Every structure is written in structure tokens, then in C-alpha cells.
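K.L.:
Got a structure here, written out as C-alpha cells. Questions coming.
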Amino acid sequence: MVTAIDRTQMLHLIEDEEAQIVDVLPEDEYAEHHIPGAVNIPLRQLISETASTLKPNRPVVVYCHDGL
């Protein structure tokens, strides 16, 4: 289920529910700047096999911020 959330909700998920953070930018952009602790799964590679590396019992926050 995909749900858009605001910054406050994101911080709650990360801090209180140990959410996993996934940055979907290409590897070179991820290397330049990303949220600390985020894993990189580029959007073009985000398929069931790559998503299976995430822990199913924890929330997942997926973000993309182009132009940082």
C-alpha cells in the first residue's frame, strides 16, 4: 500500500517504528547526497527481487528528491 506522508509522519516512522528508508535515485545521485541510513534501490531496479531485501515486518519509506 502506498501512502503519501509529510515530514512529521516520516520522522515518526523512522524514529518510533524503525522504518527502512529507500532512496530510489540512480546510484550516482545517491552517492552525492542521501538521507543517512537510507539504502539505494534505483527506481528502475525496484522490482520484487530487490524489494525482497527489505525486512517485511518494518515500515518502508521510499523517497526521491531530484535536484538536491
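K.L.:
Evaluate the relative contact order of the chain (contact order divided by residue number), counting alpha-carbon pairs under 8 angstrom at least 6 apart; express in whole percent.
P.N.:
Relative contact order, the chain: 40 percent.
K.L.:
Ratio of Rg to Rh for the chain, alpha carbon only, Kirkwood? Walk me through the numbers on the way to the answer.
P.N.:
Numbers: Rg = 11.8 Å, Rh = 12.5 Å.
Answer for the chain: 0.94.
K.L.:
Determine the per residue accessible area of the chain with all protein chains present and a 1.4 angstrom probe, expressed in square angstrom.
P.N.:
77 Å²
K.L.:
To continue, here is another question. Using a probe of 1.4 angstrom, how much of the accessible area of the chain is carbon and sulfur, in percent? Display every interim value, and only then the final one.
P.N.:
Values: 2860 of 5230 Å².
On the chain, the fraction of accessible area on carbon and sulfur atoms equals 55 percent.
K.L.:
To the nearest 20 debye, what charge dipole does the chain have about its Cα centre, counting +1 at the Cβ of each Lys and Arg and -1 at the Cβ of each Asp and Glu?
P.N.:
For the chain, the charge dipole is close to 240 debye.
K.L.:
Assuming R0 = 35 Å, can you tell me the calculated FRET efficiency for the pair LEU11 and GLU49, based on Cβ-Cβ distance, to the nearest 0.05? It would help to have the intermediate numbers written out before the result.
P.N.:
Numbers: r = 30 Å, r/R0 = 0.85.
E between LEU11 and GLU49, to the nearest 0.05, is 0.75.
K.L.:
Quick one: Karplus J couplings for the stretch 16-31, per residue in order, coefficients 6.51, -1.76, 1.60, θ = phi - 60°, nearest Hz, x for Gly and Pro?
P.N.:
Coupling constants for the stretch 16-31: 9, 10, 6, 5, 8, 9, 10, 9, 9, 6, x, 3, 5, 6, 4, 4 Hz.
K.L.:
Something else now. Roughly how much of VAL62 is accessible, in Å² to the nearest 10, using a 1.4 Å probe?
P.N.:
The value for VAL62 is about 80 Å².
K.L.:
Oh, and also: How much length is gained if the chain between VAL39 and VAL60 is pulled fully straight, taking 0.36 nm per residue apart and subtracting their Cα-Cα distance, in nm to one decimal?
P.N.:
Difference between extended and current length: 6.5 nm.
The values are calculated or read from the model by the stated rules, or taken from the named source; none is laboratory data. As the structure is a prediction and not an experimental result, all values here were calculated from the model. We place every Cβ from the backbone using ideal geometry, glycine too, and count neighbours over all the protein chains shown. Quick note on the areas: whole protein, heavy atoms, side chains included, nothing else; ligands and nucleic acids left out. Shrake-Rupley method; radii C 1.70, N 1.55, O 1.52, S 1.80 Å.
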